[in-house]
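Student: Have a look at this one before I ask anything.
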Amino acid sequence: MSTATLPARVDIVDARKSFGTLEVLKGVNLTVKPGEVTVIVGPSGSGKSTLLRAINHLEALSAGYIAVDGEPVGYRLRGGKLHERREKDILATRTGIGFVFQNFNLFPHLTVLENVVEAPLVAQRRNRQEVTAKALELLDRVGLADKAGVYPRQLSGGQQQRVAIARALALEPRIVLFDEPTSALDPELVGEVLDVVRDLASTGTTLVVVTHEMGFARDVADTVVFMDQGRVVESGPPAQLFGNPREERTRTSLSKVIEPAFNI
Ligand SMILES: Nc1ncnc2c1ncn2[C@@H]1O[C@H](COP(=O)(O)OP(=O)(O)OP(=O)(O)O)[C@@H](O)[C@H]1O
């Protein structure tokens, strides 16, 4: 295995983010261990997506930092101080991080195969033949080998999201971030996407998943992180968070899902 595909570790250190006067992240500290699945849950507006986007530097933090394998995202450590990186360097970091968006974000004018090969060809300047072979392999893995030549509009939401996952994996990322990957889907399509994420989790890639799917959190997460109002209230194994939380706020918020999660 090349070092490019070794699972990454993420250290989030006192992460703060404000939009104008709205403080969305109020000092988040969290470590994501290599090869583990970390699932972030919490009420709407608690800052989950903002935190996830900051890992990929789609949002710049107002203070604190996030390091992927010890390297601060978007910044360079020099003389004990953080200096902002150039856009070119940020893009290079980003290609080691796969990101799956809520709304798939596929290019509508490109075929499925073209969507998957675009980033490795353009951002990573890899060999077309090698990238195409890998893309076809990935499409097969997400159950869409027969859809390589069609356009996103010809696919269901679940299929589009599976293409988006194949596209993220084509970058051979050290970590894949999922931002509510099933929330734009009809209920009957949620399972097919979660199955692909489950399969990926079993391969030992570092995954960070923001989701409202508590059954998924319970079954697949190594660590569940409960966020509320811009802070991590509590994190730990699913059995602790859902079954025996330390914090009253976790219990109150997750109590609605504890029963369904454990009595299936
Ligand atoms: N670009 C932005 N400009 C201004 N406010 C923003 C921006 N992005 C997010 N916010 C605000 O930050 C807060 C946290 O948003 P965020 O999407 O991180 O929460 P969340 O926990 O992921 O919520 P949800 O579960 O509803 O997706 C919300 O009040 C949101 O309106």
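Student: What whole-number distance in Å separates the alpha-carbon centres of the stretch 159-227 and the stretch 124-153?
Tutor: 19
Student: Using alpha carbon coordinates only, what is the Rg to Rh ratio of the stretch 110-172, with Rh defined as the Kirkwood radius? Before the final figure, lay out the partial values.
Tutor: Values: Rg = 10.5 Å, Rh = 11.2 Å.
The Rg/Rh ratio comes out at 0.94.
Student: Extension gain residue 172-residue 129, at 0.36 nm per residue separation less the Cα-Cα distance, in nm?
Tutor: 13.9 nm
Student: Per the helix-only calculation at 222 nm, which mean residue ellipticity applies to the chain, given -39500 (n - 2.57) for every DSSP H run of n ≥ 4 and division by its residues, nearest 500 deg cm²/dmol?
Tutor: -10500 deg cm²/dmol
Student: Now, a different point. Mind counting lysine pairs for me in the chain? Cα separation below 26 Å, and the two need to be 8 or more apart along the chain or on different chains.
Tutor: Lysine pairs, 8 or more places apart or on different chains, close enough: 13.
Student: May I ask you to compute the full-extension gain from residue 60 to residue 222, defined as 0.36 nm times their residue separation minus their alpha-carbon distance, rounded to one decimal in nm? Write out the running numbers ahead of the final one.
Tutor: Numbers: separation 162, 0.36 × 162 = 58.32 nm, distance 2.73 nm.
Difference between extended and current length: 55.6 nm.
Student: Hey, if you drop one equal point scatterer on each alpha-carbon of the chain and run the Debye formula without solvent, what base-10 log of I(q)/I(0) do you get at q = 0.12 Å⁻¹?
Tutor: -0.73
Student: Related question: Considering the dipole of the stretch 110-172 built from charges on the beta carbon (Lys and Arg +1, Asp and Glu -1) around the Cα centre, which of 164, 138, 127 is farthest to its positive end?
Tutor: Positive-end residue among those listed: 164.
Student: Which three numbers, in whole Å and largest first, are the semi-axes of the equivalent ellipsoid of the stretch 145-241 derived from its Cα gyration tensor as √(5λ)?
Tutor: Working from the Cα gyration tensor, I get semi-axes of 26, 15, 12 Å.
Student: In addition: Taking 0.36 nm per intervening residue step and subtracting the Cα-Cα distance, what contour gain separates residue 240 from residue 146 on full extension?
Tutor: Extending this stretch completely gives an extra 29.6 nm.
FYI, it's all coordinate maths here, none of it is from the lab. Computed from a predicted model, the values in this text were never measured in an experiment. A quick note on method: Cβ atoms are made from the backbone with ideal geometry, for glycine too, and the neighbour counts reach across all protein chains shown.
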